[in-house]
Each structure stands twice: as C-alpha cells, then as structure tokens.
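Following: one structure in structure tokens, then a few remarks.
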Amino acid sequence: MDSKDMATPMVVNTLQAKHSTSHIAKTLSDYFDEESLTKTRRTFEELKSLMSCYQCAIMEIETKFRVLNERFSLNHERNPIETIKTRVKSPESILEKLRRRGLPLTLDSLDELTDIAGVRVICSFVDDIYMLAECLLRQDDIRLIKQKDYIKNPKGNGYRSLHLIVEVPVFLENEKRLMKVEVQLRTIAMEFWANLEHKLRYKKNLPDHITDLIAAELSACAEMSAELDMKMQNVKNTIENE
Ligand code: 0O2
C-alpha cells in the first residue's frame, strides 16, 4: 500500500468520534505490523491537518461574508444575508465522490475535489446573490476557479443556486496554504426547495410512474418558487424606487 493510501485512515476517522487516538492505535496494533501502523498514523495526522486547513478556509470565507453583511446593513439599513451555513464534507461523502470519479483513495486525490470545504450563503433576494458574489470576487486574495450559475441555467430537476469555487489563502504558523472552497449562494426559496428535494431523493424503491410524477411535481414547485423570488425582487425594487 502507498504511504498516502487513506482507506484505513478513513475508517479510523469514523472511529475517531468515539475513541481517543491512543485507543485506536491500541486496537489497530492487533491488526497491523509496526511499520504499517507508523504509516497509518502519519497519514492520519496529515489528513487531520488537511481537514483543519479546510476548516480554516471556511472560517476565512464566512468572515468575509459577515463583513460584507455588516457593511451593507450600515449603508442600506438591511441585511442581504439571512443565514450562513458551513460544513466540511464528511469522510463517507469524500470516499463516495472519489469512488464515483474513479480516483485512487490517496491524500493527493483530495486536491481533485473542490467541495471539501463548503459555505452556503442564504440571501433575501436574487439580486443580493449577485451583489455578494461580485463583492467577494473583487477581493484581491480570492481567486475564482469555477463558476456555475444554476439560477440563470437551472438544472433539469429545477435546482437553482449560484456556485463559486474559489481559492483563499490560509495563513498557518509557518506557511501560507491556498485552499479551495465551494460557495453556494441561494435565496430562502431556493434553499427551501433544495432541502426538500434532497430529502425526497433518498426515498427510493418507488414505482417508475410515481418517480416520474414526483420529478414533474418538484420541477413545477421549483418554477413556482422562482416566480416567488422574482415577485419579491420586484416588490423590493418598487419600494426602493419610490
Ligand atoms: P453535499 O452534501 O452538499 O456535499 P462537479 O464537482 O462540478 O464535478 P458536482 O459535485 O455535482 O460536480 O457539483 P455541482 O453540480 O456544483 O453540485 C454540488 C453541490 O450542489 C451538491 O453537493 C449539492 O449541495 C448541490 N446540488 C447540486 N445539484 C443539486 C440538486 O439537484 N439538488 C439539491 N438538493 N442539491 C444539489 P453534494 O456533493 O451532492 O452534497
């Protein structure tokens, strides 16, 4: 096994919540020789450090949005951001994505994934989404890697959101690391739809005709929700232009 193979640390990672590192090492010593155990420990430490860097990158991006929200409320007497949600992708979800992409289970492969760190910004109005995205991308320490506009080009099922993959520097004790973060910006209505659709997607084993009916219903709901967003935006514009 490559020293950077992380299948074992991933298993270890799931155990981590319940057991201390020393207890895990004791348990693993029943299964592995000393050399494998040393390699595993090293990979485990590297993985922990990498995940901590992703957590720091999330903190950097979240702070940037909080600053923008604060400054906007000072100048316009309202907050464009309703909520910010953050997450580091779970080990299970990372493994599943690596498998789906046919990538080897190594630490190096993690570089290929752009959504290990995720920040979701839930906005009041559609225009706020583009305003906030523009403000973020104007900052000189942010590099845009990829943008997917699922608002102007919704997915077939009706999913809407603006996705940005950005790179942000994280300053550690002795070095600067450039970390990728996936930023999803969406309205409250888009968040509501996406959350329900996500829950319903896991209701499997339904007959085909029911699945088709549900897909059509969800798509119709997404259209209604987009119309609601448009109407609320128009109401706001009318009030502001009075
Ligand atoms: P989780 O739990 O949010 O991490 P790519 O990376 O470009 O090769 P990918 O990963 O499909 O392809 O990227 P994309 O299309 O930008 O979507 C990534 C994320 O957007 C998903 O993360 C969801 O959070 C959200 N998303 C995309 N499409 C849908 C959808 O149809 N419904 C809902 N509810 N959410 C969606 P993950 O990895 O699926 O999960």
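The values are calculated or read from the model by the stated rules, or taken from the named source; none is laboratory data. In this text the structure is predicted, and so the values were computed from the model without any measurement. Every residue, glycine as well, gets a Cβ built from its backbone with ideal geometry; the counts of neighbours run over all protein chains shown. In case anyone asks, the SASA skips ligands and DNA or RNA and just uses the protein heavy atoms, side chains included. Shrake-Rupley method; radii C 1.70, N 1.55, O 1.52, S 1.80 Å.
Using the basic label-point model (7 angstrom from Cα toward the beta carbon), what is the residue 204 to residue 103 distance in nanometres?
About 2.3 nm, to one decimal.
Hey, what D do you get for segment 174-218 in µm²/s if you plug the Kirkwood alpha-carbon radius into Stokes-Einstein at 10 °C and 1.306 mPa s?
Working: Rh = 13.6 Å.
It diffuses with D of about 117 µm²/s by this estimate.
Of 218, 237, 124, which is farthest towards the positive pole of the chain's charge dipole, taken about the Cα centre with +1 and -1 on the beta-carbons of Lys, Arg and Asp, Glu respectively?
Positive-end residue among those listed: 218.
Can you give me the solvent accessible area of residue 54 with a 1.4 Å probe, rounded to the nearest 10 Å²?
Residue 54 exposes around 10 Å² with every protein chain in place.
Rounded to two decimals, what ratio of Rg to Rh does the chain give with C-alpha atoms and a Kirkwood Rh? Before the final figure, lay out the partial values.
Values: Rg = 21.5 Å, Rh = 20.6 Å.
Ratio of gyration radius to Kirkwood radius: 1.05.
Taking the full set of protein chains and a 1.4 angstrom probe, give the accessible area of residue 219 in square angstrom, rounded to the nearest 10.
Taking all protein chains as shown, residue 219 has close to 40 Å².
Sorted by accessible area with a 1.4 angstrom probe, largest first, how do 128, 212 fall? Intermediate values should be presented prior to the final figure.
On the way: 128 5, 212 100 Å².
Of 128, 212, the descending order of accessible area is 212, 128.
Between residue 31 and residue 233, with labels modelled 7 Å along Cα→Cβ, what's the label distance in nm to one decimal, could you check?
5.2
Quick one: putting +1 on the C-beta of Lys and Arg, -1 on the C-beta of Asp and Glu, what dipole do you get for the chain around its Cα centre, in Debye to the nearest 20?
Details: 36 positive and 39 negative charges, 63 e Å.
In debye, rounded to 20, the chain gives about 300.
Just reorder 32, 125 by solvent-accessible area, largest first, 1.4 Å probe, all chains present. Write down the numbers at each step before the final one.
Values: 32 75, 125 45 Å².
In descending accessible area the options line up as 32, 125.
Please calculate the 1.4 Å probe accessible area of residue 76, with all protein chains present, and give it to the nearest 10 Å².
110
Who wins for biggest fluctuation among 201, 186, 71 in a Gaussian network model of the chain, springs between alpha carbons below 10 Å?
201
Using a probe of 1.4 angstrom, how much of the accessible area of the chain is carbon and sulfur, in percent?
On the way: 7740 of 14650 Å².
With neighbouring chains kept in place, the figure for the chain is 53 percent.
In 10 Å bins starting at 0, how do the alpha-carbon pair distances of segment 107-213 split up by percent?
Per 10 Å bin, starting at 0, the Cα pair percentages come out as 13, 36, 29, 17, 5, 1.
Extending each Cα 7 Å along its Cβ direction at residue 71 and residue 178, get the distance between those two points in nm, one decimal.
2.3
Per 0.36 nm of contour for each residue apart, how much would the distance between residue 223 and residue 240 grow if the chain were fully extended, relative to their Cα-Cα spacing? Intermediate results must be reported in sequence, preceding the final value.
Working: separation 17, 0.36 × 17 = 6.12 nm, distance 2.57 nm.
Full-extension gain reported as 3.5 nm.
Under the 0.36 nm per residue contour assumption, what length would be gained going from the current alpha-carbon distance of residue 167 and residue 96 to full extension? Display every interim value, and only then the final one.
Working: separation 71, 0.36 × 71 = 25.56 nm, distance 2.33 nm.
Full extension from residue 167 to residue 96 adds 23.2 nm.
Please go through segment 102-208 and write out the GluC sites (Glu not before Pro) that DSSP classes as loop and that have at most 13 other C-beta atoms within 10 Å. Numbers along the way, then the final one.
Numbers: sites: 112, 134, 167, 173, 175, 182, 191, 197; in loops: 173, 175.
Taking segment 102-208 and a limit of 13 other Cβ atoms within 10 Å, the loop GluC sites (Glu not before Pro) found are 173, 175.
Name the residue from 228, 168, 158 whose Cα lies farthest towards the positive end of the charge dipole of segment 86-242, charges +1 on Cβ of Lys and Arg and -1 on Cβ of Asp and Glu.
Comparing the listed Cα positions along the dipole, 158 ranks first.
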